[in-house]
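Asker: Here it is, the structure in full.
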Amino acid sequence: MSDANSNALLSLIKGATLVDLSVLTGENQPSSPPEGQRFGQYMMNHYTWPRGKFLEYVQVHDDHTGTHIDAPSHMIPTLESGLEHATEYGTVTIEQLDLNDMIGAAVVVDCRPLIDTVPKGTTTNLAQSPLIDRAYLEKWEAENGRFAPGDIVLFRTDWSDNYFRPYPEGFRYDRSHPAPTADAFDLLHERGVKHVGIDGRGIGQMQDDYSPHWAALGRGILATENLTNLGKLPTRGAIFIFLPHKFEGATGGMGRAIALVSN
């Protein structure tokens, strides 16, 4: 690439509005799973003599905490296992993911209208997850245009915007948010979509965590979860970027999700 092209690319990037799509991770922030291993940060070293200040921590967390991406191996068995739902993607861990699938045109699907279609819950925000099914996506396509290969489809529920708070308020950040169905992923796979994101705990429904993961990860469709600020993006026109930590053998990769929006 010539200097002129490099400068033109840098000018385009610097001229865009950068939107942070990542939630805050910390000892008192919602973790995954909420009833299991919470994020922990422990002092490793802290001294000021003889070389000057030196400070470092050991951090302990589930690899599906915070804004992160699911590798297929998270819920897909290997072919060698002989288990149900096994596919060729069952061996794919975080360090094997193609970076080309981490950046693409963001397509934001507003799923908030589904929230009023199910009753309120007694111990959860909703009694169950409203379903983002194939019919909902087909209706969306009729109004906004078809999904295309390379699109990164982002399901906007505003769940993290509304409920992601430090504990104890953070316990309201539950799994009853709208979530996709297996047949929704049938459609997205047909369209050539390889990456989806959601601003809730995950692509799994509160009443069925597995079927959406099998339908997506089993085809090699990646899922970035615990996004936020999707309401700051246009329906189309933004560029989505997520780069996970390159950790050998990990089933999930924490990272920083951003979007670039043209001014």
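Asker: Residues that are surrounded by 22 or more Cβ atoms within 10 Å (Cβ to Cβ), part of a helix (DSSP H, G or I) and of a type outside the set (Lys, Arg): does the range 168-183 have at least one?
Answerer: For the range 168-183, residues surrounded by 22 or more Cβ atoms within 10 Å (Cβ to Cβ), part of a helix (DSSP H, G or I) and of a type outside the set (Lys, Arg): absent.
Asker: Out of all the residues in the range 84-134, which are acidic (Asp, Glu), touching a strand residue (DSSP E or B) at 6+ places or on another chain (Cβ under 7 Å) and farther than 23 Å from Gly249 by Cβ?
Answerer: Asp110
Asker: Filter the range 128-146 down to residues that are closer than 17 Å to Thr181 by Cα and touching a residue at least 24 places away in the same chain (Cβ under 8 Å), then give me how many there are.
Answerer: 11
Asker: Here is a further query. If you check Thr78, Thr67, Thr93, Thr87, which single one turns out to be crowded, with 17+ Cβ neighbours inside 10 Å, of a type in the set (Ser, Thr, Tyr), more than 27 Å from Ser31 (Cα to Cα) and at pLDDT 95 or above?
Answerer: Thr87
Asker: I'd like the residue in the range 88-113 that is in contact (Cβ under 8 Å) with a residue 12 or more places away in the chain and in contact with a helix residue (DSSP H, G or I) (Cβ under 7 Å, 6 or more places away or on another chain) and, out of all such residues, is farthest from Lys246 (Cα to Cα).
Answerer: Val109
Asker: Within the range 238-250, identify whether any single residue is touching a Leu at 6+ places or on another chain (Cβ under 6 Å), at negative phi, not in a strand (DSSP E or B) and not hydroxyl-bearing (Ser, Thr, Tyr), and answer yes or no.
Answerer: Looking for residues that are touching a Leu at 6+ places or on another chain (Cβ under 6 Å), at negative phi, not in a strand (DSSP E or B) and not hydroxyl-bearing (Ser, Thr, Tyr), one finds none in the range 238-250, hence no.
Asker: For the range 9-31, give me each residue that is closer than 13 Å to Gly66 by Cα and touching a strand residue (DSSP E or B) at 6+ places or on another chain (Cβ under 8 Å).
Answerer: Leu21, Ser22, Val23, Thr25, Gly26, Glu27
Asker: Which pairs have Cβ atoms under 8 Å, sit 6 or more apart or on different chains, and link a residue in the range 4-27 that is under 26 Å from Thr224 (Cα atoms) to one that is in a helix (DSSP H, G or I)?
Answerer: Val19/Lys232; Leu21/Leu230; Val23/Ser160
Asker: Related question: Run down Thr251, Thr235 and say which single residue is within 20 Å of Val19 (Cα to Cα), modelled with pLDDT of 95 or more and either out of contact with any Lys or Arg (no Cβ under 9 Å at 6 or more places or on another chain) or surrounded by fewer than 15 Cβ atoms within 10 Å (Cβ to Cβ) (or both).
Answerer: Just a single option satisfies the conditions, and that option is Thr235.
The values are calculated or read from the model by the stated rules, or taken from the named source; none is laboratory data. What you see is a predicted model; the values in this text were computed from it and never measured. For neighbour counting, all protein chains shown are included, and Cβ atoms are generated from backbone atoms with ideal geometry for every residue, glycine included.
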